[in-house]
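K.L.:
A single structure is presented below for examination.
Every read-out reported here was derived from the displayed coordinates using simple, explicitly stated rules and does not represent laboratory data. Just so it is clear, the structure is predicted and the values come from calculations on it, not from any experiment. Quick reminder, even Gly has a Cβ in these numbers, built from the backbone with ideal geometry, and neighbours come from all protein chains shown.
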Amino acid sequence: KQKGPGSLVLFEPRMAQDVHRRVRIAKDLHNGIPQGELRMYLQTQADARGRCVGAEVLVRWQHPKWGLVSPAEFIPVAEESELIVRLGDWVLRRACLLLATPALAGRGLRLSVNVSAFQFGHEDFMSSLEQVLQETGANPHQLTLEITEGAVVRDLDQARTRIEALTRMGIEASLDDFGTGYSSMYSLQRLPIQELKIDQSFVSGSHRSEKDAALVEAMLLMARRLQLRVVAEGVELSEQALQLTQWNPDIVLQGMLLGKPLPEQEWLSKVLGVDQG
Ligand code: C2E
Ligand code: CA
Ligand code: CA
Ligand code: CA
């Protein structure tokens, strides 16, 4: 919607609905988190040989009326307030509890947890992270935090200080949705991250479009020179997996080809063959 200078924003019915919906989401989520309505889903991350090396943690919301709600719907609303901190704390705690179980700890599998900009920049973030690690007994060396450009751009100095602190703790930082931000190279230059997560918008065309292929190949070359681990997200086809692993045999693959996100218990039994009570 184009807005000329000094023009009034007319409140269309569609917008009003939207605002109502967001207010409703915020209110229900506020009550739903303590009610135990959040669910942890896991999506396999695998090496070039297809062996599971860990998973990305993806949150879902089991709304009593609406059913299972996608994070695309409620994360942006949660990000408008401190709700995202409570949600983020819940996810981090659940992930660390799982990391501490023999099923994951024994196999040295990694869990990758999404951290929102507001959550990452929050004054209590580092102390609550330390507390969660201590209380759950999770091994920080098996934890990766996925951070988006947004988190970094807000305050680059703070982001660098925090990532340095994470590194000292043994936690790895991954730059999520790499290539889609305004200043990916700038962030890369300034931040001591250990992993790049190539966005699915590049991965999806990499096997058929010369342009996408060139971009992905360049990102992989750059990552190798910088000694960064690379995760490719949204891998749906075997052609894509083949192409990516030819370029970088150490690449980690994630996407429908390897498996869709599954509820925690189902992932444990289907992927690891572990049945927990
Ligand atoms: P993301 O971090 O980019 O996560 C990847 C998204 O791609 C996930 O969507 C995943 O289900 C989807 N995906 C995975 N493989 C494929 C594939 O092969 N093809 C296609 N088309 N899509 C695939 P999801 O689970 O709906 O999550 C959406 C976004 O919500 C995430 O994007 C992330 O930004 C955010 N999110 C999810 N969980 C959390 C969380 O616990 N905390 C925060 N702050 N954000 C979260
Ligand atoms: Ca992510
Ligand atoms: Ca991503
Ligand atoms: Ca993405």
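K.L.:
Checking the conditions here, which among Gln119, Gln194 is out of contact with any Ser or Thr (no Cβ under 9 Å at 6 or more places or on another chain) and crowded, with 16+ Cβ neighbours inside 10 Å?
P.N.:
Going through Gln119, Gln194 in turn, the sole match is Gln119.
K.L.:
Out of region 30-76, which residues are under 13 Å from the mean Cα position of the chain (by Cα) and aromatic (Phe, Trp, Tyr)?
P.N.:
The one that is under 13 Å from the mean Cα position of the chain (by Cα) and aromatic (Phe, Trp, Tyr): Tyr41.
K.L.:
Out of (1) more than 16 Å from ligand 2 (Cβ to nearest atom); (2) of a type in the set (Gly, Ala, Ser); (3) surrounded by 14 or more Cβ atoms within 10 Å (Cβ to Cβ); (4) under 24 Å from Glu233 (Cα atoms), the odd one out for Ser183 is which?
P.N.:
Unmet for Ser183, out of (1) more than 16 Å from ligand 2 (Cβ to nearest atom); (2) of a type in the set (Gly, Ala, Ser); (3) surrounded by 14 or more Cβ atoms within 10 Å (Cβ to Cβ); (4) under 24 Å from Glu233 (Cα atoms): (3).
K.L.:
Kindly indicate whether Leu188 is over 27 Å from Leu42 (Cβ atoms) and within 16 Å of ligand 3 (Cβ to nearest atom).
P.N.:
yes
K.L.:
Output yes when any residue across region 206-214 is outside any helix (DSSP H, G or I), within 16 Å of ligand 1 (Cβ to nearest atom), in contact with an Asp or Glu (Cβ under 7 Å, 6 or more places away or on another chain) and charged (D, E, K, R), and no when none is.
P.N.:
no
K.L.:
In region 143-150, is there at least one residue being outside any loop (DSSP other than H, G, I, E, B), more than 14 Å from ligand 1 (Cβ to nearest atom) and either buried (at least 21 other Cβ atoms within 10 Å of the Cβ) or polar (S, T, N, Q) (or both)?
P.N.:
no
K.L.:
Of these, Thr148, Thr136, Thr167, which one is touching a residue at least 12 places away in the same chain (Cβ under 8 Å), within 16 Å of ligand 4 (Cβ to nearest atom) and hydroxyl-bearing (Ser, Thr, Tyr)?
P.N.:
Thr148
K.L.:
Is it the case, given these coordinates, that Ile75 is within 25 Å of Ser127 (Cα to Cα) and hydrophobic (A, V, I, L, M, F, W, C)?
P.N.:
Against the criterion (within 25 Å of Ser127 (Cα to Cα) and hydrophobic (A, V, I, L, M, F, W, C)), Ile75 qualifies.
K.L.:
Something else: Restricting attention to region 119-133, which residues are within 16 Å of ligand 2 (Cβ to nearest atom) and of a type outside the set (S, T, N, Q)?
P.N.:
Once the filter is applied, which keeps residues that are within 16 Å of ligand 2 (Cβ to nearest atom) and of a type outside the set (S, T, N, Q), region 119-133 yields only Phe120.
K.L.:
Also: Scan region 51-62 and tell me whether some residue there is aromatic (Phe, Trp, Tyr) and within 26 Å of Gln254 (Cα to Cα).
P.N.:
yes
K.L.:
Go through (1) part of a helix (DSSP H, G or I); (2) without any contact (Cβ under 8 Å) to a residue 40 or more places away in the chain; (3) within 14 Å of the chain's Cα centre (by Cα) one by one and return the number of the condition Ala173 breaks.
P.N.:
Tallying (1) part of a helix (DSSP H, G or I); (2) without any contact (Cβ under 8 Å) to a residue 40 or more places away in the chain; (3) within 14 Å of the chain's Cα centre (by Cα), Ala173 fails exactly one: (1).
K.L.:
Is it fair to say Lys260 is surrounded by fewer than 21 Cβ atoms within 10 Å (Cβ to Cβ) and touching a residue at least 60 places away in the same chain (Cβ under 8 Å)?
P.N.:
It is true that Lys260 is surrounded by fewer than 21 Cβ atoms within 10 Å (Cβ to Cβ) and touching a residue at least 60 places away in the same chain (Cβ under 8 Å).
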